[in-house]
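One structure below.
The values are calculated or read from the model by the stated rules, or taken from the named source; none is laboratory data. Predicted model only: the values in this text are computed from it and were never measured. Don't worry about glycine lacking a Cβ; one is built from the backbone with ideal geometry, like all the others, and counts go over all protein chains shown. Note: areas computed on protein heavy atoms with side chains; ligands, DNA, RNA excluded. Shrake-Rupley method; radii C 1.70, N 1.55, O 1.52, S 1.80 Å.
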Amino acid sequence: MYAKLLILKIIFVAFYSSSRTISSHAQSVSSISDRDLETFSEDLLKKDNSGLSTHVTYDRQGKTNAASAIDRAAKPLLSVDKKALQHPTVAALLALYDNYDPDVKNAEVVTNAEKTEESKFLDAIMGTPAMNFTYNYMKQKGLFNEDRQAFKEWLAKTWFTLYSRGFRTKSSSAFEHVFLGELKQNQVSGLHNWLFFNDQEKNNNLNYMGWMRYEDFGKGSLLKLHYTWKNVDKPVGTLFVGTSPELELSLYSICYLARPGEKCNFKLNGKPLFIQSYTFTGPKSQKLIGSIYPGV
């Protein structure tokens, strides 16, 4: 009997340890309704004053599908004014681009200078009306109960913690996966940010081949598309276009807390969209984002 109780105690401690990272910040997901998420996203869009969507134009060109090998777009998708790249959070984001190796077989080496750049990016994000609104909303709903410094630390751990994608090397992070992109077994993984998409188009690393679905919500849009990156095909990809890093990080972060590993239904300017997350347990039993992306 004592042995059985001891085993049960060990199982309980193991389970508690593996889940405490999330449970210390988040209440039951059932307390955040779908209507709450829709209201949050609409209010978030109103708070976002970046104006980035006014500095980007795009040429969707031909419509395509995942199976097509025909390039339906002879020209690049995006044309971005330099003013967009000078926005504080965008400039801080661009500074991170040369910190990563896209091949998930290669271990990432993070220098002190790169850690400083990560911190500056989060400081820039935390200083925006959009993320300030997000933090206050999370506290109001009980999704996060600590101070702003602890929130920055949580963002850093959630988005920048390195982990392996099956090759026993710490070669990936949620941030690299979503805001840049990765290559795994001759497949494009992640790459859901228009600013990185634009950067790679400009550097002739990415070839846009056409679009599948499109939804405009005023301060930006959501696009489902087909492209190749570094000569590797991405039959179906999705990315926000014209949105700020702070708006995207806010939507992803609140979805991850409210619906970890599930789909969050949002609305932006009355237009429905969703964000899907996939989670796993990382180093030291920390709950992490394996993938998270928008869709229509």
### Query
How about region 27-49: which of its residues are open to solvent by 20 Å² or more (accessible area, probe 1.4 Å), part of a loop (DSSP other than H, G, I, E, B) and in contact (Cβ under 8 Å) with a residue 60 or more places away in the chain?
Gln27, Asn49
### Task
State all residues of region 149-171 that are farther than 22 Å from Ser189 by Cα and either touching a residue at least 12 places away in the same chain (Cβ under 8 Å) or polar (S, T, N, Q) (or both); if no residue qualifies, say none.
Gln149, Phe151, Lys152, Trp154
### Task
Would you please name the residue that is nearest to Leu162 (Cα to Cα), looking only at residues in region 79-102 that are crowded, with 19+ Cβ neighbours inside 10 Å and among the hydrophobic types (A, V, I, L, M, F, W, C)?
Leu96
### Task
Report, by residue number, each residue of region 204-240 that is closer than 23 Å to Ser173 by Cα and of a type in the set (S, T, N, Q).
Asn205, Thr228, Asn231, Thr238
### Query
Of the residues Ala174, Ala130, Ala156, Ala150, which single one is touching a helix residue (DSSP H, G or I) at 6+ places or on another chain (Cβ under 8 Å), among the aliphatic types (A, V, I, L, M), farther than 19 Å from Leu78 by Cβ and open to solvent by 10 Å² or more (accessible area, probe 1.4 Å)?
Ala156
#### Entry: Complete set of residues in region 94-121 that are farther than 24 Å from Leu247 by Cβ and of a type in the set (A, V, I, L, M)
Val104, Ala107, Val109, Val110, Ala113
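Suppose the filter is basic (Lys, Arg), more than 21 Å from Ser291 (Cβ to Cβ) and touching a residue at least 24 places away in the same chain (Cβ under 8 Å); does Lys219 pass it?
In short, yes.
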### Query
Among the residues of region 136-147, which ones are surrounded by fewer than 16 Cβ atoms within 10 Å (Cβ to Cβ) and not acidic (Asp, Glu)?
Asn136, Lys139, Gln140, Gly142, Asn145
### Query
For Ser164, all conditions in the list (1) open to solvent by less than 30 Å² (accessible area, probe 1.4 Å); (2) under 23 Å from His192 (Cα atoms); (3) of a type in the set (Ser, Thr, Tyr) hold save one; what is the number of the exception?
(1)
## Note on the structure
Residues of region 59-71 being open to solvent by 70 Å² or more (accessible area, probe 1.4 Å) and under 17 Å from Thr238 (Cα atoms), in sequence order, are Arg60, Lys63, Asn65, Ala67
